[in-house]
Amino acid sequence: MGHNELTEQEILRRESLDKIRELGIDPYPAALYPVTHLSSEIKENYKEEILEDGTKNRLNFQDVCLAGRLMNMREAGKAMFMNIQDADGRIQLYLRREELSENDDYTFFDQLIKKLLDIGDYIGVKGFAFKTKTGETTIHVTSFTLLSKSLKPLPVVKTDAEGNVFDAVSDPEFRYRQRYVDLTVNQGVKEVFLKRTKMVNAIREYLNEHGGIEVDTPVLQNIPGGAAARPFITHHNALDVPFYLRIANELYLKRLIVGGFDFVYEFSRNFRNEGMDRTHNPEFTVLEFYVAYKDYFWMMDFTEKLLEKVALASNGTTDLPVGNNIISFKAPYKRIALYDAIKEYTGFDVNGMDETALRDVCKKLNIPTDESMGVGKLIDEIFSEKCEKNFIQPTFIIDYPEEMSPLTKKHRSKPGLVERFELMVNGKEVANAYSELNDPIDQRMRFEEQAQLMERGDDEAMFIDHDFLRALEYGMPPTSGIGIGIDRLAMLLTNQQSIQEVLFFPQMKPKQEN
RNA sequence: GAUCUCGUAGCUCAGCCGGUAGAGCAUUUGACUUUUAAUCAAAGGGUCUCGGGUUCGAAUCCCGACGAGAUCACCA
């Protein structure tokens, strides 16, 4: 097929469109359609009884109005069955020529309904509910309105009585580029996204209940701070300055804590100019929240309760299937120190080791290293290579080396460590939190160490943010903060293996379309 | 960015030891007033992702481009 040519089916639909107009029917009417019910309400609640004389008495839904997309048509002579799909599901319609015609003029039924209608059209119907002799709740249509004509053939996916699906649209490229088709046609896709919304709503509700204030902070930033990552760069024309798309919002939320908010949160769309794969999209969502006068122990308690609630809200249970495992989000979660985890899974006690000793350990464990890696990075490598994958059930890994945590407060009792935890679930990090560093002089030194790492070749090291330091100098209360990967959490709660399955429109390389 | 695999009708796929395309669903025509992956009968629909090469001849073999998926690297 050439680039601008229409297919046979598209031409036929355009011809049908013309014929509909010739019949005096507007294929795209402007007026609202007075929908009274969703398909699910009727299917779940319709009742009828059989009277003594054998006739049926229909008890409810005898004057309803529904609208939806036409998904299936079965002609049966002077009658017809259809299925429409609305926001909540599908329901069957039953139409009879006699009842949809005036006098002996069958044009409307024989032409519009039988010939000119296509799968994918939006229609509205008025009628009454009944059960067919096969027991399916059906709307007996007494009035019919075309609401919007479809000009492209929708893939037809069928499901049999046992639930076997035939011809599902399975090409991932098709599904992601034309998500509207995927959502319309593939059963279950919508549910994943509805679960994600329930999850986000539950989080918001929980944070609000506990005094959280939702805020917005800049996406366009002068200095891409709060995380170690390569940013996207853009340009502001009027100011003639470069801007970075945010890689994290951490430093801005802490500025708000300095400004007197005690508990702020933001669902932050972050952008990182790095590789894409099953678990990475260039833009992704992280929930960050910061609570004044708290520490990371409080944050662990709060987080496990939050996740327990979220699992219940989205799935109705705390025990969820994830891949081949059942993961329990029921609080409390196990807590293990980073060094203890390393000792448990490698046999090496890295506590107090210097860079040379750590390189030696890496060599023995067959972990490749390079010159730019400092103590923190080496320990991080050992953990992610040898330990991370073992933590299937939610587990807090606590107390990280100072060098890999430039925004974290020094440990109150363990020298060289900071008060930080990461939450591991299904062998992957879903949250990262700490007692926030609020000592401005210490913070300045940490930034300077980062600057040195950057010179040494670490392209993930952080920039020095002087305004943030100034804010800390005015004084920030002791605070605990956390970042939770919302897409990753959604993957866990919906048992999806790819981030693309929990993003409506995952990033795709542009492709020339017809 | 690297490696591997894939790209045939609207959808799902077959054909791939080279001889210029096939099925099911969808579409069109006809039959049928409770069917339901409706059924029955007939028909139409493809620059086989794009561009080169080898060959008498390429969907099929080779090279390149584009797009996708998986694995790896980087990261959340």
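Peptides A:157-169, A:366-378: what's the order by average Cβ count within 10 Å, highest mean first?
A:366-378, A:157-169
Can you tell me which of A:430-441, A:267-278, A:207-218 comes out highest on packing, and rank the rest after it, using the mean Cβ neighbours within 10 Å?
Highest mean packing first, the order is A:430-441, A:267-278, A:207-218.
How much net charge surrounds A:Asn60 when only the other residues with a Cβ under 15 Å from the Cβ of A:Asn60 are counted, with Lys and Arg +1 and Asp and Glu -1?
In short, 0.
Which net charge results for the neighbourhood of A:Arg97, defined as the other residues with beta-carbon distances under 15 angstrom from its beta-carbon, given Lys and Arg at +1 and Asp and Glu at -1? Don't skip to the answer; put the middle values down first.
Numbers: positive: A:Arg74, A:Lys78, A:Arg96, A:Lys114, A:Lys115; negative: A:Glu75, A:Glu98, A:Glu99, A:Glu102, A:Asp104, A:Asp105, A:Asp110.
Every neighbour counted, the sum reads -2.
Of the listed peptides A:64-72, A:464-472, what is their order by residue-averaged count of other C-beta atoms within 10 Å, with the highest listed first?
A:64-72, A:464-472
Against the longest alpha carbon principal axis of chain A, how many degrees, from 0 to 90 and to the nearest 10, is the axis of helix A:440-456 turned?
So the inclination is approximately 80 degrees.
Suppose R0 equals 56 Å. What FRET efficiency, 1/(1 + (r/R0)^6) with r the Cβ-Cβ distance, do A:Asn164 and A:Phe232 give to the nearest 0.05?
Efficiency computed from Cβ-Cβ geometry: 0.80.
Relative to the longest principal axis of chain A, what angle (0 to 90°, nearest 10) does the C-alpha long axis of helix A:296-315 take?
With rounding to tens, the tilt is 10 degrees.
Gain in length, A:Asn201 to A:Glu283, computed as 0.36 nm per residue apart minus the alpha-carbon separation, to one decimal in nm?
Gain on stretching A:Asn201 to A:Glu283: 27.5 nm.
What order do A:Thr356, A:Thr279 take when sorted by accessible area (1.4 Å probe), most exposed first? Walk me through the numbers before you get to the answer.
Values: A:Thr356 100, A:Thr279 25 Å².
Largest to smallest exposure gives the sequence A:Thr356, A:Thr279.
Taking a 18 Å limit on the Cα-Cα distance, which of the listed pairs A:Lys43/A:Lys133; A:Lys305/A:Lys386; A:Lys334/A:Lys428; A:Lys386/A:Lys410; A:Lys158/A:Lys195 fall beyond it?
On the way: A:Lys43/A:Lys133 15 Å; A:Lys305/A:Lys386 29 Å; A:Lys334/A:Lys428 15 Å; A:Lys386/A:Lys410 26 Å; A:Lys158/A:Lys195 24 Å.
In this structure, A:Lys305/A:Lys386; A:Lys386/A:Lys410; A:Lys158/A:Lys195 lie more than 18 Å apart at Cα.
What percentage of the solvent-accessible surface of chain A, computed with a 1.4 Å probe over protein heavy atoms, is contributed by carbon and sulfur atoms?
50 percent
To the nearest 10 square angstrom, what accessible area does A:Lys78 show with a 1.4 Å probe?
130 Å²
A:Leu51: accessible area at probe 1.4 Å, nearest 10 Å²?
Its heavy atoms expose roughly 70 Å² to the probe.
If Lys and Arg each add +1 and Asp and Glu each add -1, what is the summed charge of the other residues whose beta carbon sits under 15 Å from the beta carbon of A:Ser413?
With Lys, Arg at +1 and Asp, Glu at -1, the net is +1.
Working from Cα positions, state the angle (0 to 90°, nearest 10) between the long axis of helix A:375-386 and the longest principal axis of chain A.
In chain A, helix A:375-386 runs at an angle near 40 degrees to the longest axis.
Heavy atoms only, probe 1.4 angstrom, no DNA, RNA or ligands counted: give me A:Asp399, A:Asp295 ranked by accessible area, highest first.
Descending order: A:Asp295, A:Asp399.
Counting only heavy atoms of protein chains, what accessible area per residue, in Å², does chain A have with a probe of 1.4 Å?
51 Å²
The values are calculated or read from the model by the stated rules, or taken from the named source; none is laboratory data. From a predicted model like this one, the values you see are computed outputs, not experimental measurements. Note that each Cβ is placed from the backbone with ideal geometry, even for glycine, and that neighbours are counted across all protein chains shown. In case anyone asks, the SASA skips ligands and DNA or RNA and just uses the protein heavy atoms, side chains included. Shrake-Rupley method; radii C 1.70, N 1.55, O 1.52, S 1.80 Å.
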